[in-house]
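The values are calculated or read from the model by the stated rules, or taken from the named source; none is laboratory data. The structure displayed is predicted, hence computed values, not measured ones. Here Cβ is always computed from backbone atoms with ideal geometry, including for glycine, and neighbour counts include all displayed protein chains.
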Amino acid sequence: MSRDAVYLVRTGRHECYDRVVFSVNGSADVGFAARYLPVVTSDPKGDPLPVPGGAALEFAIRAPALGSDDAGHQPGRVLASVGDTLVSTPGWPSLRAVRFAGSFEGRCVFAIGVRAKLPFASSPR
């Protein structure tokens, strides 16, 4: 688990795949987990958080969201509110949207909508 905050979510479109990048404000290794779910729920409340596409991927990072951390970087700024759509890419081959599902107890969760339940890769860098 990291005390450094997730401060940016960006995407990239490539010939063979779409990419989502989560940036953390620090150099320490950060744990993460990704899995397909019927529907991703908000954290900590547990409300359904639907995303466009044929499948929903939950991506959890063991770091707080900007604005809920205690590092003092960029005071007054927050990453997003629960339910906010951070990325919308309806015309891309696989990626449809990324929504913020919440940050609770040092864990930041995102709902990623994709075209279909396909293999995916995740890496720390």
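Residues are listed down the side, and each one gets a yes or a no for (1) outside any strand (DSSP E or B); (2) surrounded by 15 or more Cβ atoms within 10 Å (Cβ to Cβ); (3) hydrophobic (A, V, I, L, M, F, W, C):
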| residue | (1), (2), (3) |
| --- | --- |
| Gly12 | no, no, no |
| Val20 | no, yes, yes |
| Ser23 | no, no, no |
| Tyr36 | no, no, no |
| Gly53 | yes, yes, no |
| Glu58 | no, yes, no |
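Please work out if Val78 is of a type outside the set (S, T, N, Q), touching a residue at least 40 places away in the same chain (Cβ under 8 Å) and either part of a loop (DSSP other than H, G, I, E, B) or surrounded by 14 or more Cβ atoms within 10 Å (Cβ to Cβ) (or both).
Answer is no for this residue.
Asp43: at pLDDT below 90, outside any strand (DSSP E or B) and surrounded by 13 or more Cβ atoms within 10 Å (Cβ to Cβ), yes or no?
yes
May I ask you to say which residue of Arg62, Arg96 is of a type in the set (Lys, Arg), at pLDDT 95 or above, in contact with a strand residue (DSSP E or B) (Cβ under 9 Å, 6 or more places away or on another chain) and closer than 19 Å to Leu37 by Cβ?
Matching residue, one of Arg62, Arg96: Arg96.
For the range 83-125, how many residues meet the condition of being assigned to a strand (DSSP E or B) and more than 12 Å from the chain's Cα centre (by Cα)?
Result for the range 83-125: 5.
Being farther than 20 Å from Ser123 by Cα and out of contact with any His (no Cβ under 7 Å at 6 or more places or on another chain) is true for just one of Thr11, Thr85. Which residue is that?
Thr85
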